[in-house]
1. How about the range 206-272: which strands (runs of 3 or more DSSP E) wholly inside it have at least 1 residues that are closer than 23 Å to I130 by Cβ and small (G, A, S)?
2. Considering only the range 188-205, state which residues are in a helix (DSSP H, G or I) and in contact with a Ser or Thr (Cβ under 9 Å, 6 or more places away or on another chain).
3. Is the range 277-293 home to any residue that is surrounded by fewer than 12 Cβ atoms within 10 Å (Cβ to Cβ), more than 18 Å from the chain's Cα centre (by Cα) and hydroxyl-bearing (S, T, Y)?
4. Between S136, S111, which is hydroxyl-bearing (S, T, Y), buried (at least 22 other Cβ atoms within 10 Å of the Cβ) and out of contact with any Cys (no Cβ under 7 Å at 6 or more places or on another chain)?
5. Can you pull out every residue in the range 315-329 that is at pLDDT 95 or above and surrounded by fewer than 18 Cβ atoms within 10 Å (Cβ to Cβ)?
6. Here are V83, V31, V98, V92: which of them is modelled with pLDDT of 95 or more, in a strand (DSSP E or B) and either farther than 17 Å from G129 by Cα or in contact with a strand residue (DSSP E or B) (Cβ under 6 Å, 6 or more places away or on another chain) (or both)?
7. What about T179, is it within 21 Å of E263 (Cα to Cα) and either part of a loop (DSSP other than H, G, I, E, B) or in the same structural domain as R249 (by TED's automatic domain parsing) (or both)?
Amino acid sequence: MSGRKEMRAIRVANYGGPEVLQVDPKVPVPVPSDTQVLVEVKAAGVNPVDTYIRSGSFGTTGPLPYTPGADAAGIVSKVGAKVTKFKPGDKVYVIRNVSGGYAEFTVAEESNVGKLPSHLSFSQGAGLGIPCYSASRAFIKAKGKVKPGNTVLVHGASGAVGLACVQIGKAKGLTVLGTAGTKEGMDLVLKHGAAKAFNHKEQGYIDKVLEATNGTGPDIIIEMLANVNLDTDMKIINKGGIIVVVGSRGNVEIAPRLLMFKESIVTGFALWNAPPEEIVEMHQVISEGLTKGWLVPSVQKEYKLEEAPLAHEEIINNTGTTGNRILIM
């Protein structure tokens, strides 16, 4: 247990560009309530949503200043009086916290903390939260189409969420097809269990996707960049298929007749809107993946805490995304 009163943490005093991410060396170490766990953070996940919140473009804003980051991994430093699942010294991951993950310590409710298996590093543990739970909920939103023998196309499969989708899809018995923008990304998608990978920068790659599904199109499409791909998705989805929008960075014009002809569904989600029964289901999927060893986050790059601005810049502007970006304390 740490007796420290102060810690280093990223603080955002005003919404803006990556430069507003500033290291403060004298932030008070948070104190856990009876139901909370204090974790000494070893690694924190950097996710696209962190950049949207930081810029003020997310739609909802909280009080300033704040410390960004929902995902983290580390060692339990202290537990509240009513906490029963954890003790100081436990190696854990955090999927949501109340004080911010870009810091040397963070506080989270016991229900949002999980035991980190010994075969995963702290950096991999910090990649479990938003990426893996988003991937899990994408399949929940796909409803009755998730069954062995059906095909899922993961658009943007080499990113953190995409790779988790590939692993979960394979575990559920689906034939997984994935797209990426580089040879390295395609190789990673195949390594994580996809049956086939396609370069979405290549002319005519959609014809290859259709060929891989015997011309019918995928039963499920999980879409990471809807503003670029949604119109095409609606053209190639199988009749009665479901398109799950996980990410979008702009607007798109669509032809509703495509929905009518295919009798398809386009749906999206916000992870924090998940009802209790879905949260239970997501926990079960992640727990099974960790226990059986088929869920393994892939770390693309690690950054020092003071390099948080660079991490934010690269996660948005880097087109060759191949996994999680992680801050190391």
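The values are calculated or read from the model by the stated rules, or taken from the named source; none is laboratory data. Computed from a predicted structure; not experimentally measured. Cβ placement follows ideal geometry from the backbone for every residue including glycine, while neighbour counts extend to all protein chains displayed.
1. Values: elements: 220-223, 242-245, 265-268.
Filter on the range 206-272 gives 265-268.
2. L188, V189, K191, Y205
3. yes
4. After applying the criteria, what remains is S136.
5. I328
6. On the way: V83 fails: in a strand (DSSP E or B); V31 fails: in a strand (DSSP E or B); V98 fails: in a strand (DSSP E or B).
Only one candidate passes the filter, namely V92.
7. No, not satisfied.
Yes/no per residue for (1) at pLDDT below 95; (2) of a type in the set (D, E, K, R):
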| site | (1), (2) |
| --- | --- |
| A194 | no, no |
| D207 | no, yes |
| E211 | no, yes |
| T216 | no, no |
| A226 | yes, no |
| I236 | no, no |
| I243 | no, no |
